[in-house]
Amino acid sequence: MKNPLAEKILFLRVKNRDKDAYAEFYDLYVEKIYRFIYFKVSSVSDAQDLTSEVFLKMWQRLKDGKEVKNLNSFIYIIARNSVIDFYRQRSQRDDKERSIDDSERPIHLIDEKNDLIRKKIMASDMEVVTKGLANLKDEYREVVMLRFMDELSIAEIANILNKSKGAVRVIIHRALSALKENINSFNE
């Protein structure tokens, strides 16, 4: 949605807990949030689960009367925090699994459908960029995705990361320099 007035009206309707507006908002943002999460967790099923959780948490917080100034930033903050929680829980689970005897460990089967999807993504024109992004620091990868894939403004990214606009500009500049260096090293 490129019409700022229509977007503001939609945001106001969502803030007022309009279920139809929330469905429109979901349709508008689900792919962006999924992509944002997928690049952080690199698992289709985990990204799908986390994306669902993000929209559920957002609706619950709106229902509970949470004051939201910018829904765009708000949804990304929830997504970012959900990924952090995911890795925290995963770390705790891994610690528990290490204490389990090898004979009691569950067997993990390869999900062929997810592997095929991943192969198709890697075979696309974005393969080199994806590899370049994978080699960036998390902070750099995050700002590149927010700015260029999700097309967020500097102010929105600053709000999501809880940093100043100037700091975000510097991080973006450094991230792009590092990404360019990574891409050039693949082409040599």
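The values are calculated or read from the model by the stated rules, or taken from the named source; none is laboratory data. Source: prediction; values computed, not measured. Glycine also receives a Cβ, built like all others from the backbone with ideal geometry; neighbour counts cover every protein chain displayed.
Got a sec? Which of I157, I172 is touching a helix residue (DSSP H, G or I) at 6+ places or on another chain (Cβ under 7 Å), under 22 Å from L28 (Cβ atoms), modelled with pLDDT of 90 or more and surrounded by 18 or more Cβ atoms within 10 Å (Cβ to Cβ)? Please lay out each step first, then the result.
Numbers: I172 fails: under 22 Å from L28 (Cβ atoms).
Going through I157, I172 in turn, just one is touching a helix residue (DSSP H, G or I) at 6+ places or on another chain (Cβ under 7 Å), under 22 Å from L28 (Cβ atoms), modelled with pLDDT of 90 or more and surrounded by 18 or more Cβ atoms within 10 Å (Cβ to Cβ): I157.
Does I77 satisfy being within 24 Å of K165 (Cβ to Cβ) and under 15 Å from the mean Cα position of the chain (by Cα)?
Details: within 24 Å of K165 (Cβ to Cβ): yes; under 15 Å from the mean Cα position of the chain (by Cα): yes.
The answer is yes for I77.
Any idea which of I171, I160, I154 is hydrophobic (A, V, I, L, M, F, W, C), more than 23 Å from V41 (Cα to Cα) and outside the structural domain of V30 (by TED's automatic domain parsing)?
On the way: I171 fails: more than 23 Å from V41 (Cα to Cα); I160 fails: more than 23 Å from V41 (Cα to Cα).
I154 is the lone residue from the list that is hydrophobic (A, V, I, L, M, F, W, C), more than 23 Å from V41 (Cα to Cα) and outside the structural domain of V30 (by TED's automatic domain parsing).
Go through the residues of the range 124-135 one by one and say whether even a single one is modelled with pLDDT under 60, on the phi < 0 side of the Ramachandran plot and either assigned by TED's automatic domain parsing to the domain that holds I84 or not basic (K, R) (or both).
yes
If only one of K57, K96 is more than 20 Å from V143 (Cβ to Cβ) and at pLDDT below 90, which one is it? Write out each step before concluding.
Details: K57 fails: at pLDDT below 90.
From the options K57, K96, the qualifying one is K96.
If the Cβ limit is 6 Å and pairs must be 6+ apart or interchain, which residue in the range 145-174 that is in contact (Cβ under 8 Å) with a residue 12 or more places away in the chain and farther than 20 Å from I37 by Cβ pairs with which residue that is small (G, A, S) and surrounded by 16 or more Cβ atoms within 10 Å (Cβ to Cβ)?
So the pair list comes out as V168/A158.
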